[in-house]
Amino acid sequence: MNDWAWQLLLIVLTVLIGIVPTIIALIDILKSEFKGNNKIIWFFVVLLANFLGAVLYFLIGR
């Protein structure tokens, strides 16, 4: 493989690793039942903080 192919593969993997947990967390938030405004708050935390927000949701929010 060429150098540019490895770089492209690395970029695609990095983007997927960053996006997939965020999408899974957002879907889980929409399906879950929270009290009060917690659903909205977690939705914006995950949406604005991306990967870190998803990690925080899975560690604290559930």
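Ranked highest first by average number of other Cβ atoms within 10 Å, how do 10-16, 41-47 line up? Walk me through the numbers before you get to the answer.
Details: 10-16: 10.0, 41-47: 17.7.
The packing order, highest mean first, is 41-47, 10-16.
Trypsin sites (Lys or Arg not before Pro) within region 20-53: which are DSSP loop residues with at most 14 other Cβ atoms inside 10 Å? Please report the intermediate quantities before stating the final value.
On the way: sites: K31, K35, K39; in loops: K35.
Counting only loop positions with at most 14 other Cβ atoms within 10 Å, the trypsin sites (Lys or Arg not before Pro) in region 20-53 are K35.
Could you calculate the contour length gain from V20 to I41, that is, 0.36 nm times the residue separation minus the distance between their Cα atoms, to one decimal place in nm? Spell out each step's value before the answer.
Working: separation 21, 0.36 × 21 = 7.56 nm, distance 1.99 nm.
Roughly 5.6 nm would be gained on extension.
Stick to the Cα atoms of the chain, pair each with every other, and give me the Kirkwood hydrodynamic radius in Å at one decimal.
Values: mean 1/r = 0.0791 Å⁻¹.
About 12.6 Å for the chain.
Where a number appears in this text, it was derived from the coordinates with a stated rule and is not lab data. The shown structure was predicted, so the numbers you read here are calculated from the model rather than taken from an experiment. Cβ sites come from the backbone with ideal geometry, for glycine too, and all protein chains shown count toward neighbours.
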